[in-house]
Structures are given as structure tokens and as C-alpha cells.
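Just below is one structure, and these are the notes that go with it.
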Amino acid sequence: AHASRTGPRAAAARREAQADLLGEILDIRERFARGREEARKRLDSFRGYFARLGSLPIVEALLRGNELALERLDETLRRHGVHEISCDGETFDPNTMRAVERDVRADVRPGMVTEVQRRGYRTAERILRYAEVKVSSEEKR
């Protein structure tokens, strides 16, 4: 009788520990992604400067290495059943998203996601992290 009680409890504890670990890995993934975006912007604005210094190939190689690491991390997450929650341009879904800001716009119907501020992730069983989004709304009269 004891083994039958600890079996489900132990499995639940393992799932919880796995979700915690995945949450930490997703935070690292987001830092990589933000770093990549920032590096791309800076590379574009300083391309001539880096070329004059002769360091453009080094900077481009560092950026490519970051991109490869991010791709590998994404592949690993997918293999473990972790998927990004699709949000951009979608109707706001309170089951998978958190609205963190209103976006008053006439060109988009109310209730649509206009910007993803923090990506969300899920497995088949649970939400690992809710997406944080900006949602369109009508001007208050």
C-alpha cells in the first residue's frame, strides 16, 4: 500500500522539479535571444566601424555562435515537448497569456495581441510560463 501512495506523489514531484528546471532554462533562452537581437542592432549600426578595425569577421562569428547555441537550445526544448505559445497577431487568450499593457489603436480590432513582451512556453500538460503581451483596445470615451 505504501508504494502505491508514493508512486503518484513521486511522479508529481518529478514533474514539478522538471517544470522548475525548464523555467530556469527558458529564462536563459530569453537572455540569449535578447542578446542576439541587441548584437544584431549594434552590428548593423557599427558595421563600418568594425570593418575599419578589421574586427567585423570576429563580431559576426560571435553573433553566429550565439545563434547556433540558441538554435540548439530550441531543438532540445522541442525534443522535451516544450513549445512557444503563439501570440503575435492572435486574439488575446487569458489561458496562455497575461496582458501587461493596453495598446490603443484604431487599425487593429480590440483584443488582439500587438506585441509580445515576454515569450510564453507550454508542454502538453501545463503552461510553463505565460506569455506577457500588449493587447489592442479602443480609446475610452
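Highest mobility in the GNM of the chain, judged by mean-square fluctuation with C-alpha springs under 10 Å and restricted to ARG52, ARG109, ARG126, is found for ARG52. Only DSSP H runs of four or more residues enter the estimate; each adds -39500 (n - 2.57), and after division by the residues of the chain the mean residue ellipticity at 222 nm equals -20000 deg cm²/dmol.
Less than 5 angstrom separates the built amide H of ILE85 from those of GLY120, TYR121, ARG122, all sequence-distant by 5 or more or on a different chain. Note: relative contact order over the chain, using C-alpha pairs below 8 Å and six or more positions apart, is 20 percent.
Quick check: residue separation of ALA39 and ARG79 times 0.36 nm, minus the Cα distance between them. What number comes out in nm?
Working: separation 40, 0.36 × 40 = 14.40 nm, distance 2.76 nm.
My answer for the length gained is 11.6 nm.
Counting only heavy atoms of the protein chains, get the accessible area per residue of the chain (1.4 Å probe) and round it to a whole Å² value.
Working: 9860 Å² over 141 residues.
With the other protein chains kept in place, the chain gives 70 Å² per residue.
Rounded to whole numbers, the Karplus 3J(HN,Hα) couplings from phi for the stretch 88-105 are 4, x, 8, 6, 4, 10, x, 6, 10, 10, 10, 7, 10, 7, 8, 10, 6, 9 Hz, using 6.51 cos²θ - 1.76 cosθ + 1.60 with θ = phi - 60°, and x at Gly and Pro. Model label sites at ALA99 and THR123, defined 7 Å from Cα along the beta-carbon direction, differ in position by 3.1 nm.
Under the rule a/c < 1.5 gives rounded, and otherwise a/b versus b/c splits prolate from oblate, where does the stretch 56-133 land using the Cα gyration tensor? Verdict is oblate for the stretch 56-133.
Which residue, ALA33, ALA19, ALA106, tops the fluctuation ranking in a GNM of the chain built on C-alpha contacts under 10 Å? Comparing ALA33, ALA19, ALA106 in the GNM, the peak value goes to ALA106.
Computed over the chain with a Gaussian network model linking Cα atoms closer than 10 Å, the most mobile of LEU22, LEU68, LEU77 is LEU68. Taking P(r) over Cα pairs in 5 Å bins from 0, in percent as calculated from this structure, the corresponding entry among (i) 2, 9, 16, 19, 21, 18, 11, 5, 1, 0; (ii) 2, 10, 21, 24, 22, 12, 6, 2, 1, 0; (iii) 2, 9, 13, 13, 13, 13, 12, 10, 7, 4, 2, 1, 1, 0, 0 is (iii). Legend: calculated FRET efficiency, LEU63 to SER86, from the Cβ-Cβ distance at R0 = 30 Å, rounded to 0.05, equals 0.70. When DSSP beta bridges are limited to those with both residues in the chain, what percentage is antiparallel, rounded to the nearest 5? Antiparallel: roughly 55 percent of the beta bridges in the chain. Expressed as a whole percent, the accessible surface of the stretch 43-129 that belongs to carbon and sulfur atoms is 51, based on a 1.4 Å probe. Inter-part distance, the stretch 23-73 to the stretch 117-136, computed on C-alpha centroids, equals 24 Å.
The values are calculated or read from the model by the stated rules, or taken from the named source; none is laboratory data. This structure is a prediction, so every number in the text was calculated from the model and none was measured. All Cβ positions, glycine included, derive from the backbone under ideal geometry; neighbour counts span all protein chains shown. Heads up: the accessible areas ignore ligands, DNA and RNA and are worked out on the full protein's heavy atoms, side chains in. Shrake-Rupley method; radii C 1.70, N 1.55, O 1.52, S 1.80 Å.
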